[in-house]
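All of the numbers you see were taken from the coordinates with simple rules; none came from a lab. Everything quoted here is computed from the prediction, not taken from an experiment. All Cβ positions, glycine included, derive from the backbone under ideal geometry; neighbour counts span all protein chains shown.
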Amino acid sequence: MNKLGMTILMTLPFCIHADIIEQHAAYIRELQNNVAALQVRTEQLQLQVNNIPEGKQGIPGERGPQGAQGPQGERGRAGPQGPKGEKGAQGEPGIYTSGDGITIKDNIIQLSQVPHFIGEEYHGGVIFWMDESRQHGLIASKIDVTLEGIQWRNGTSGNKVTNARGDGIGAGESNTRLIIASQTIDNQKGRFAALLASQFQIQADGVTPCKTPINKTSVCYGDWYLPSAFELQLMHASLHQSNLSSFAPDFYWTSTE
C-alpha cells in the first residue's frame, strides 16, 4: 500500500504539467499561423501599392529662405599640369642706356652724339669754341688761375727765346709745353704763367680746387694750358662780350711769344 500510494503521488503532477505544455504549444502554433497569415497579407498589400499608378507632379511650393553658408571645405588636390602652350611671338629688342650719349640696342653699343653749345658748363669750365660736329671744342676755366700778378718768364733766368710762336685753335697747348721746357731747363724752382696754367686742377663745379687725396665721389679736371693769342681773343668774344662769363679789368698773358 505504501509503494502504490507513492506512485500515485508522483504520476499526478506529471500529468498536470503535460497538459500545460500542450496548451502552450497549441498557442504557439496559433501565433505562427497568424504570423504567416499577416505576412501573406503584407505581401498582397505591397503588391497593391506597387500597382498604384504614379500621380501628376504637384505645384512647386514657394522657395524657402536661403540657408546659412556652410563651412569652407578642404582644399582639393592640385590637378595635373596642363600641356605646354605654343611659343609666343618674339618681342621687340630692348634699348638700354649705359650713360650719357651711349645706347645699347640689339646687343650693339652705339655712341649717340650729344650736341654741345657755347657757354655750356662742362668738365669744370665753360665751352667757348666748338668745331662743326659740336663734339669737339675748347673750354675756359671759370676762375682765374691766380689773383696775383705773375711773370710770363721764369725770373731773370727765363730771359730767353722759347720759340712758342704758334697761334690759332690748339696752338696754346704746344706753346705752353715749349715755354715750360725752355724756362725750366736751368731753374726748376721758378713760378711763371705757363707753369701755373699747366698745373691748374679744378673739380666739376669749376670753383673748388682739387685736394690730395681727392674724395672718391669727386671728379678732378686737369690738362689745362695757357691759351694762344687767338684763343684768348676768341674766349673774350664768345664769353665776355656775350655776357656768359666775365674777365677781370686787368691784362691777361697768352702763350704766343
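Side notes on the structure shown:
- The dipole here belongs to the chain: it is taken about the Cα centre, uses +1 on the Cβ of Lys and Arg and -1 on the Cβ of Asp and Glu, and is about 860 debye.
- Of the residues GLU120, GLU62, GLU43, the one that moves most in a GNM of the chain with alpha-carbon contacts below 10 Å is GLU43.
- Length, then width, then depth: along the principal axes, the Cα atoms of the chain run 190, 65, 38 Å.
- The simple spin-label model puts a point 7 Å past each Cα toward its Cβ; for ASP144 and LEU244 those points are separated by 2.2 nm.
- Shown in residue order for region 129-144 are the 3J(HN,Hα) couplings computed by the Karplus curve 6.51 cos²θ - 1.76 cosθ + 1.60 at θ = phi - 60°: 7, 9, 7, 5, 6, 6, 10, 10, x, 10, 10, 9, 5, 7, 10, 6 Hz (x for Gly and Pro).
- Here the 3J(HN,Hα) profile of region 149-161, calculated from phi with Karplus coefficients 6.51, -1.76 and 1.60 at θ = phi - 60°, is x, 9, 7, 6, 9, 8, x, 5, 6, x, 7, 8, 7 Hz, Gly and Pro shown as x.
- C-alpha long axis of helix 171-183 to longest principal axis of the chain, angle in °: 60
- Distance in nm between pseudo-label sites at ILE20 and GLN46 (7 Å out along the Cβ direction from Cα): 4.0
- Going from the fewest other Cβ atoms within 10 Å to the most, the residues THR208, THR256 appear in the order THR208, THR256.
- Three-way shape label, region 121-240, alpha-carbon gyration tensor, a/c 1.5: oblate
- Charge dipole (debye, nearest 20) of region 121-240; +1 at Cβ of Lys and Arg, -1 at Cβ of Asp and Glu: 440
- Inter-part distance where region 187-257 and region 57-94 are each reduced to a Cα centre, Å: 77
- For the peptides 210-216, 135-141, 151-157, the ranking by packing is 135-141, 151-157, 210-216, with the highest mean count of neighbouring Cβ atoms within 10 Å listed first.
- Going from the residue with the fewest nearby Cβ atoms within 10 Å to the one with the most, MET130, MET235 rank MET130, MET235.
- Two-site label geometry, LYS160 and ALA36: point separation in nm, points 7 Å out along Cα→Cβ: 15.7
- Violating pairs (Cα-Cα greater than 25 angstrom) within the set LYS84/LYS105; LYS189/LYS211; LYS142/LYS216: LYS84/LYS105
- On Cα atoms only, tilt of 2-50 relative to the major axis of the chain in degrees: 50
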